[in-house]
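Student: Before anything else, here's the structure in question.
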């Protein structure tokens, strides 16, 4: 018996996809087909590893591989692991069964693994509970990976996910009337994301070669004779461009390392501080460990399963253990 635990942090998202012409099925059925393809013993080994940055010039490789997908709860839930292969991994991995090598204990140093759980609803889009692992694969990596598999085997198209958030971007875009501060941090790879508001960062990267950049914008807080804040027109326009970018595609938040805004919702309303990164719905799950670092899969599945059920039934999550 042990009192030691490991804390896992998870976010949530819903997935949607469409079948190719001449086929049918909703998002749940299509995702099951993708998983079945990956679980097929005859799945081509050369297609298991996908480099997300393969077609990017002067970019560090980002090699991904799903190393497990196990059905639980009579097929209603999938527990899986997505691995990011570090660039120091042995070159000989290209000539062997990659998944078999990854599973060896002596090779754990060459990968970062992220856990995920997928709930397969009968009458709704699949919901994924995805571990936050700063060094490992992100949710947009998972989307990219299954999109490539779905495309290669003509299973599904138009694959998208929507993060579960505490703040509604559509509502915020309508209600924000002024802005007083914006903090944004982007790394050099993500500054290449297609967006007009990021053009200034692209130009700056070209001139300076930065790896990471954090910009802080502060705006006027002066008041008129009626006690109302003067409107920062250009600042508000810039803030709305960012909000619209997120509103049009919620997955864009994954391109940012940090994003905070201090804004006002109406002319006489209180000033609000919003951390967009922490705006995601979060679950913290405590799993018992043995010998200070090892956890049992059965314990992981039990604790994570309880938390997932709680969120799906109530919309509530566990975020601390005080």
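Student: Just to be sure I understand the filter: pairs with C-beta atoms under 6 Å, separated by 6 or more residues or on different chains, first member in region 132-148 and in contact (Cβ under 8 Å) with a residue 24 or more places away in the chain, second member part of a loop (DSSP other than H, G, I, E, B). Which pairs pass?
Tutor: Hits for this filter: 144/52.
Student: Further question: Can you work out which of the residues in region 97-123 that are touching a helix residue (DSSP H, G or I) at 6+ places or on another chain (Cβ under 8 Å), surrounded by fewer than 19 Cβ atoms within 10 Å (Cβ to Cβ) and assigned to a loop (DSSP other than H, G, I, E, B) is modelled with the lowest pLDDT?
Tutor: 97
Student: Shifting gears a bit: Of (1) over 28 Å from residue 184 (Cβ atoms); (2) out of contact with any strand residue (DSSP E or B) (no Cβ under 8 Å at 6 or more places or on another chain); (3) surrounded by 12 or more Cβ atoms within 10 Å (Cβ to Cβ), residue 245 satisfies all except one. Which?
Tutor: (1)
Student: Now a separate question. Would you mention how many residues in region 216-248 are touching a residue at least 40 places away in the same chain (Cβ under 8 Å) and within 30 Å of residue 16 (Cβ to Cβ)?
Tutor: Looking only at that region, the number is 9.
Student: Could you look through region 277-309, keep only residues that are free of Cβ contacts under 8 Å to residues at least 40 places away in the same chain and under 30 Å from residue 219 (Cα atoms), and pick out the one that is surrounded by the fewest Cβ atoms within 10 Å (Cβ to Cβ)?
Tutor: 278
Student: On the basis of being more than 14 Å from residue 115 (Cβ to Cβ), assigned to a strand (DSSP E or B) and under 23 Å from the mean Cα position of the chain (by Cα), does residue 274 make the cut?
Tutor: Answer is yes for this residue.
Student: Could you list, in sequence order, all residues of region 134-173 that are more than 14 Å from the chain's Cα centre (by Cα) and assigned to a strand (DSSP E or B)?
Tutor: Matches in region 134-173: 157, 158, 159.
Student: For region 315-322, does any single residue satisfy the condition of being exposed (fewer than 15 other Cβ atoms within 10 Å of the Cβ), at pLDDT below 90, part of a loop (DSSP other than H, G, I, E, B) and within 23 Å of the chain's Cα centre (by Cα)?
Tutor: Among the residues of region 315-322, at least one is exposed (fewer than 15 other Cβ atoms within 10 Å of the Cβ), at pLDDT below 90, part of a loop (DSSP other than H, G, I, E, B) and within 23 Å of the chain's Cα centre (by Cα), which makes the answer yes.
Student: Within region 277-314, can you find the residues that are within 20 Å of residue 119 (Cβ to Cβ) and assigned to a loop (DSSP other than H, G, I, E, B)?
Tutor: Selection gives 281 alone.
Student: Scan (1) at pLDDT below 85; (2) under 22 Å from residue 54 (Cβ atoms) for the single condition residue 148 breaks and write down its number.
Tutor: (1)
Student: Kindly check whether there is at least one residue in region 73-90 that is modelled with pLDDT under 70, in a helix (DSSP H, G or I) and touching a helix residue (DSSP H, G or I) at 6+ places or on another chain (Cβ under 8 Å).
Tutor: Looking for residues that are modelled with pLDDT under 70, in a helix (DSSP H, G or I) and touching a helix residue (DSSP H, G or I) at 6+ places or on another chain (Cβ under 8 Å), one finds none in region 73-90, hence no.
Student: Quick one: in region 41-53, which of the residues that are touching a strand residue (DSSP E or B) at 6+ places or on another chain (Cβ under 9 Å) and at pLDDT below 90 is surrounded by the fewest Cβ atoms within 10 Å (Cβ to Cβ)?
Tutor: Checking each candidate, the answer is 53.
The values are calculated or read from the model by the stated rules, or taken from the named source; none is laboratory data. Quick caveat: nothing in here was measured; it's all calculated off a predicted structure. Neighbour counts are summed over all protein chains in view; Cβ atoms, including those assigned to glycine, are modelled from backbone coordinates with ideal geometry.
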